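Below is one structure, written out as structure tokens; the observations come after it.
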Amino acid sequence: MLAEFNVLTEPWITAVALDGTEREYGLLDVLTYAHELQGVRDPSPAVQFGLYRLLVAFVQHALQLYEFEDLEDAWAAGRFDLSVFEEYARRVGWHRFDLFDAERPFLQTPALPGDTDKPKSVAVLFYHLPTGTNVTHFFHAEQGDHAVSPAVAARALCSIAPFMTQGGAGYSPSINGTPPWYVLALGANLFETILLNCCVMKVGGLDHKAPPVWASDEPFKPKAEKAARSLAEGYTWQPRQVRLLPTDGGVCTYSGRPSPILIKDIVWGPGFKFAGHETWMDPNVAYQLDEKRGTLPVRPREHRQLWRDYAALFLARDWEAGENRFSRPIIVDQLSKLKEEGSVPEDTAEQFEVYGMRVDQAKVFEWQYERMPLRTAILQNPTADVQVRHALDLAEKVARGMYGALKALHPHEGAGNPQALAGVVRQAESQYWSRLQYVFETEYLPALELQAPEDDQARKELLERWKAALRTVGWQCVSDAIGAIETGAEALRRQVEARNRFARVLANVLDDKAARRARKGGEVA
């Protein structure tokens, strides 16, 4: 079937205006009006971040933003010039932005002999649709029943490079491996957001010569090993062979809207295998600097709330590997430098969105999207990193101690039954971290913001208040857990043991003098 859908002009990117209204734009229009828009929107966080990454790659390559001076000049203009992007598209080849181009379909791979012999359902493009081993989230149709419009398919293609997971033999994950946390710097409008995420800082051995996929003439070879030579190439990495197969129109099963073209099937297979971990660092990703395992992206973990990685994501600036060493995203460093040089107004609020998807191989468990509470004074405080890391480390130690104490509630501490009291312990841990998050965001961070970097006494007082919160919240959660257990002489004895264990934890971890006195007197808190 002959079909055409050029992403430069056809509406497909949903964006929100400053007055809150939403509509779909083509790529050129969304950039033309970027200074009048809040940002892009999509129900799927993976797609939403993918759209931002596409806009960043397009703008940075079109405007050749590779030095701080380039970025500063673009910022000073206050808006994008449509004619520059139109000229760029003509230079690259207008047809390369067509989803169904015969030679270089946009964000897809060229046709290969026999690639349509075993088509896949278009549902494999969507992490939140049930396919294969993926759990069913909100759509309860069979995967073969899905048929989507070109606009919907185009948005889904944007999520492949940042979020594609391991997919079985030969199906390698994308450039960052298991999807990490992605930190997006936000401006006052879409124009500023795009520029704040155009990285002009030096990244490893990368340069800016290799173009994004739509401007590349490199042949596609399934399963070929290669490294990313530039950020643009990394942002548009091709971990999959993919090509949309258009059919006659109807109603899009995803949006519920009529469309003159629908896509039910796609070509789907192994793509490039990434082999450049020694040079690649994603500017929107924080890294753990591990001496033995190398540089590891900070990723979502089960039962671990995002705020617990606050220091790693926004404050840590370690340069050498070691135990518990982290490096925050380069894009956060860049924003600080832009402020220091006066390129970005000093009173501009630091705002960040964080995107993540927790997976196991090809199975998606959950995706996350949060705005993090950040303050300029905290990011500029040279001791904030050490303080926050220490505070969160104490919280982790108290949590581990609480776990050990609550195990004493079960006879023989659950020996032979690893799931003993699992529900009670999990509930206590969930309450503990939820209550601490409230204290961290409403008390700890505001106090840290007001702290003068040279004020040692303020640091000591803040630490003591945090210890008091750990003590209070910890005891609340232990008491709630104990209250859920049956009574009786033996049960009461185990409850006393659990309380005594937790008192010892607080005494050791928090240097809790009150707990030490209570222990000497034979009492518990």
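The values are calculated or read from the model by the stated rules, or taken from the named source; none is laboratory data. Everything numeric in this text was worked out from a predicted model, so none of it was measured. Cβ placement follows ideal geometry from the backbone for every residue including glycine, while neighbour counts extend to all protein chains displayed. These accessible areas exclude ligands, DNA and RNA; they are computed on the full protein's heavy atoms, side chains included. Shrake-Rupley method; radii C 1.70, N 1.55, O 1.52, S 1.80 Å.
At-a-glance table
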read-out: Filtered residue count, the range 446-490, keeping only those that are among the aliphatic types (A, V, I, L, M), exposed (fewer than 14 other Cβ atoms within 10 Å of the Cβ) and over 29 Å from Arg389 (Cβ atoms); value: 2
read-out: All positions within the range 262-286 that are surrounded by 19 or more Cβ atoms within 10 Å (Cβ to Cβ), of a type outside the set (Gly, Ala, Ser) and under 17 Å from Leu231 (Cα atoms); value: Phe272, Phe274, Trp280, Met281, Asp282, Pro283, Asn284, Val285
read-out: Filter result for Val354 (assigned to a strand (DSSP E or B) and modelled with pLDDT of 85 or more); value: yes
read-out: The lone exception for His35 - which of (1) open to solvent by 20 Å² or more (accessible area, probe 1.4 Å); (2) in a helix (DSSP H, G or I); (3) at pLDDT below 95 it fails; value: (3)
read-out: Residue that is surrounded by the fewest Cβ atoms within 10 Å (Cβ to Cβ), among those in the range 374-393 that are more than 30 Å from Gly50 (Cα to Cα) and charged (D, E, K, R); value: Asp393
read-out: Only one of Arg104, Arg90, Arg96 that is farther than 23 Å from Val200 by Cβ and open to solvent by 80 Å² or more (accessible area, probe 1.4 Å); value: Arg90
read-out: Residue in the range 146-165 that is more than 23 Å from Phe126 (Cβ to Cβ) and touching a Pro at 6+ places or on another chain (Cβ under 6 Å) present; value: no
read-out: Some residue of the range 482-503 being in a helix (DSSP H, G or I), at pLDDT 90 or above and within 30 Å of Ile378 (Cα to Cα); value: no
read-out: Extreme residue, farthest from Gln334 (Cα to Cα), among residues of the range 181-198 that are in a loop (DSSP other than H, G, I, E, B) and touching a helix residue (DSSP H, G or I) at 6+ places or on another chain (Cβ under 6 Å); value: Asn189
read-out: Close pairs from the range 197-225: first closer than 13 Å to Thr109 by Cα and free of Cβ contacts under 8 Å to residues at least 40 places away in the same chain, partner open to solvent by less than 30 Å² (accessible area, probe 1.4 Å) and of a type in the set (Gly, Ala, Ser), Cβ under 9 Å, at least 6 apart; value: Ser216/Ala210; Glu218/Ala210
read-out: Residue tally, condition part of a helix (DSSP H, G or I) and under 18 Å from Asp265 (Cα atoms), over the range 152-180; value: 7
read-out: Close pairs from the range 31-55: first aromatic (Phe, Trp, Tyr), partner in a helix (DSSP H, G or I) and crowded, with 20+ Cβ neighbours inside 10 Å, Cβ under 8 Å, at least 6 apart; value: Phe49/Pro162; Phe49/Phe163; Tyr52/Thr193; Tyr52/Ile194
read-out: Single match in Pro219, Pro180 (criterion: open to solvent by 10 Å² or more (accessible area, probe 1.4 Å), out of contact with any Cys (no Cβ under 7 Å at 6 or more places or on another chain) and more than 23 Å from Glu67 (Cβ to Cβ)); value: Pro219
read-out: Filter pass, Phe58 being within 21 Å of the chain's Cα centre (by Cα) and closer than 16 Å to Leu195 by Cα; value: yes
read-out: Complete set of residues in the range 182-220 that are in contact with a Lys or Arg (Cβ under 7 Å, 6 or more places away or on another chain), at pLDDT 95 or above and more than 23 Å from Arg79 (Cα to Cα); value: Trp214
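Residue by residue, here is whether (1) under 21 Å from the mean Cα position of the chain (by Cα); (2) surrounded by 14 or more Cβ atoms within 10 Å (Cβ to Cβ); (3) modelled with pLDDT under 85 holds:
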residue: Met372; (1), (2), (3): yes, yes, yes
residue: Ala395; (1), (2), (3): no, yes, no
residue: Gly414; (1), (2), (3): no, yes, yes
residue: Leu421; (1), (2), (3): no, yes, yes
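One line per residue, one yes/no per condition, for (1) among the polar types (S, T, N, Q); (2) touching a residue at least 12 places away in the same chain (Cβ under 8 Å); (3) surrounded by 16 or more Cβ atoms within 10 Å (Cβ to Cβ); (4) farther than 15 Å from Ala384 by Cα:
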position	(1), (2), (3), (4)
Arg299	no, yes, yes, yes
His303	no, yes, no, yes
Leu306	no, yes, yes, yes
Phe314	no, yes, yes, no
Arg317	no, yes, no, no
Glu323	no, yes, no, yes
Pro329	no, yes, yes, yes
Glu340	no, no, no, yes
Glu353	no, yes, yes, yes
